[in-house]
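**Student:** Got a structure here, written out as structure tokens. Questions coming.
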Number of protein chains: 2
Amino acid sequence: MSADPTGLPPLRQGKGPSVRAVPDGDTHERLVCMDCGFIHYENPKIVVGSVVAVGDQVMLCRRAINPRKGFWTLPAGYLELNESAADGAMREAWEEARARIALDALLAVYSIPRISQVQLIFRARLAEPGFSAGPESEEVALFDWDAIPWSDLAFPSVHWALGHFRETRGLETFAPRGNPPGETGGR
Amino acid sequence: MSADPTGLPPLRQGKGPSVRAVPDGDTHERLVCMDCGFIHYENPKIVVGSVVAVGDQVMLCRRAINPRKGFWTLPAGYLELNESAADGAMREAWEEARARIALDALLAVYSIPRISQVQLIFRARLAEPGFSAGPESEEVALFDWDAIPWSDLAFPSVHWALGHFRETRGLETFAPRGNPPGETGGR
């Protein structure tokens, strides 16, 4: 915890919610804390992101942080509390690529059960000219299709989303794509 | 906590994560527990559900639990860990309506930022004949469009999803609908 403007005492380092038990009225085991009684309901996480087209090129960000530091990804990240999916995707484009984007369509909904993620990926374009690396990116760049660094993409779903972007190019109305057949995002 | 087969002592009733502070390396305030030091990263929740068509009728469930006990809803609920969105929607149809369903298309993606929910609602049909009330439903029934109990629907998004179901009836390929203009799901 940082130097604390609220004047809180230092946190005790207990075990936190670390014991598995089924709370009353529940059907699943949850992690509970034996120090404070807190029940930790873990939930899948929502990732929001976008494939941003600039002319015939797409925008990718080289990750400045782990996991997969140095690899290329889409501007994407966890949806925050009290945020719509669309707002979250636009925020991530700003945070990671200093890009103001306009969303065009929902490109894909991917489920990655191994890591309990649902990813909502939008098709987007720049709403204002310009972009640059945000704090979580080493570099942001535009790529022609043939120049995409396929072997240096950070995650399988980046690969999927680029393929689905290409596949739906020029389509006005389409059903969002899901995981490619047999693909679960596990590596 | 129920009579406990693991032989755990009774949980202490502390305050749990109840103090707001910004953890090191983080940018947002989180709830932390002063008893055990646990940092509670809260995330938006994913609701998965379906509009199940049976001939020209749609399936609704009358809620046996709060919130909105006694009101009609779609078979829907929170996605669980390590579950795909599609699997979650099928599980909820089984749990709430004892219905085995097949998903046909992603009907809608609703964001309800006030309660930090993203809802993924599918268009579905019965994969096997038959349905009945599961433990969280008082009753499950099929409704002709004109017989839908509009003023006794549990949540605004049930209303939206039924409208979007009607609107996309007969469409093979369509973009999933979002919140109706200006609607945030607040009541």
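**Student:** Please give the number of the condition residue A:182 fails out of (1) farther than 18 Å from residue A:76 by Cβ; (2) in contact with a helix residue (DSSP H, G or I) (Cβ under 7 Å, 6 or more places away or on another chain).
**Tutor:** Only one criterion is unmet by residue A:182, namely (2).
**Student:** Collect the residues in the stretch B:105-132 that are in contact (Cβ under 8 Å) with a residue 12 or more places away in the chain and not in a strand (DSSP E or B), keeping them in residue-number order.
**Tutor:** Passing the criteria: B:113, B:114, B:115, B:116, B:127, B:128, B:130, B:131, B:132.
**Student:** Continuing with this model, one more query. Note down all Cβ pairs under 8 Å where the first residue falls in the stretch B:165-187 and is within 8 Å of chain A (Cβ to nearest Cβ), the second is part of a loop (DSSP other than H, G, I, E, B) and surrounded by fewer than 12 Cβ atoms within 10 Å (Cβ to Cβ), and they're at least six residues apart or on different chains.
**Tutor:** Once the first residue is within 8 Å of chain A (Cβ to nearest Cβ) and sits in the stretch B:165-187, its partners that are part of a loop (DSSP other than H, G, I, E, B) and surrounded by fewer than 12 Cβ atoms within 10 Å (Cβ to Cβ) give B:173/A:173; B:174/A:173; B:175/A:173.
**Student:** Let me ask you something else. Considering only residues of the stretch B:44-53 that are more than 10 Å from chain A (Cβ to nearest Cβ) and of a type in the set (A, V, I, L, M, F, W, C), which is nearest to the chain's Cα centre (by Cα)?
**Tutor:** B:47
**Student:** Of the conditions (1) loosely packed, with under 15 Cβ neighbours inside 10 Å; (2) within 14 Å of the chain's Cα centre (by Cα), residue B:56 fails just one. Which one is it?
**Tutor:** In the conditions (1) loosely packed, with under 15 Cβ neighbours inside 10 Å; (2) within 14 Å of the chain's Cα centre (by Cα), residue B:56 misses (2) alone.
Let's see how each residue does on (1) at pLDDT 95 or above; (2) among the small types (Gly, Ala, Ser); (3) closer than 29 Å to residue A:174 by Cβ; (4) touching a strand residue (DSSP E or B) at 6+ places or on another chain (Cβ under 6 Å):
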{"residue": "B:110", "(1), (2), (3), (4)": "yes, no, yes, yes"}
{"residue": "B:125", "(1), (2), (3), (4)": "yes, no, yes, yes"}
{"residue": "B:128", "(1), (2), (3), (4)": "yes, no, no, no"}
{"residue": "B:151", "(1), (2), (3), (4)": "yes, yes, no, no"}
{"residue": "B:156", "(1), (2), (3), (4)": "yes, no, yes, no"}
{"residue": "B:161", "(1), (2), (3), (4)": "yes, yes, yes, yes"}
{"residue": "B:170", "(1), (2), (3), (4)": "no, yes, yes, no"}
{"residue": "B:176", "(1), (2), (3), (4)": "yes, no, yes, yes"}
{"residue": "B:179", "(1), (2), (3), (4)": "yes, no, yes, yes"}
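**Student:** Further, regarding this structure: Filtering the stretch B:1-18 down to residues that are surrounded by 15 or more Cβ atoms within 10 Å (Cβ to Cβ) and either touching a Leu at 6+ places or on another chain (Cβ under 7 Å) or hydrophobic (A, V, I, L, M, F, W, C) (or both), which residue is modelled with the highest pLDDT?
**Tutor:** B:17
**Student:** Among the residues of the stretch A:75-91, write down those that are more than 12 Å from chain B (Cβ to nearest Cβ) and open to solvent by 10 Å² or more (accessible area, probe 1.4 Å).
**Tutor:** A:76, A:90
**Student:** From the residues in the stretch A:13-43 that are assigned to a strand (DSSP E or B) and of a type in the set (Lys, Arg), which one is nearest to residue B:39 (Cα to Cα)?
**Tutor:** So, considering only residues that are assigned to a strand (DSSP E or B) and of a type in the set (Lys, Arg), the one nearest to residue B:39 (Cα to Cα) is A:30.
Each row is one residue, and each column tells you yes or no for (1) closer than 18 Å to residue B:91 by Cβ; (2) of a type outside the set (Phe, Trp, Tyr).
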{"position": "B:43", "(1), (2)": "no, yes"}
{"position": "B:47", "(1), (2)": "yes, yes"}
{"position": "B:52", "(1), (2)": "yes, yes"}
{"position": "B:56", "(1), (2)": "no, yes"}
{"position": "B:62", "(1), (2)": "no, yes"}
{"position": "B:66", "(1), (2)": "no, yes"}
{"position": "B:71", "(1), (2)": "no, no"}
{"position": "B:76", "(1), (2)": "yes, yes"}
{"position": "B:81", "(1), (2)": "yes, yes"}
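**Student:** Pairs only if they're at least six apart or on different chains, beta carbon under 9 angstrom, first in the stretch B:14-43 and under 18 Å from residue A:65 (Cβ atoms) and within 7 Å of chain A (Cβ to nearest Cβ), second among the hydrophobic types (A, V, I, L, M, F, W, C) and open to solvent by less than 30 Å² (accessible area, probe 1.4 Å); list them, first residue then second.
**Tutor:** Listed pairs, sorted by first residue: B:23/B:32.
**Student:** Taking the stretch A:20-45 only, how many residues are over 28 Å from residue B:118 (Cα atoms) and surrounded by fewer than 15 Cβ atoms within 10 Å (Cβ to Cβ)?
**Tutor:** 0
**Student:** Looking only at the stretch B:92-104, count how many residues are of a type outside the set (A, V, I, L, M, F, W, C) and either open to solvent by 50 Å² or more (accessible area, probe 1.4 Å) or touching a residue at least 60 places away in the same chain (Cβ under 8 Å) (or both).
**Tutor:** Within the stretch B:92-104, residues that are of a type outside the set (A, V, I, L, M, F, W, C) and either open to solvent by 50 Å² or more (accessible area, probe 1.4 Å) or touching a residue at least 60 places away in the same chain (Cβ under 8 Å) (or both) number 4.
The values are calculated or read from the model by the stated rules, or taken from the named source; none is laboratory data. These numbers come from a predicted model, not from an experiment. Virtual Cβ from ideal backbone geometry, glycine too; neighbours counted across all protein chains shown. For accessibility, only protein heavy atoms count, side chains too; no ligands or nucleic acids. Shrake-Rupley method; radii C 1.70, N 1.55, O 1.52, S 1.80 Å.
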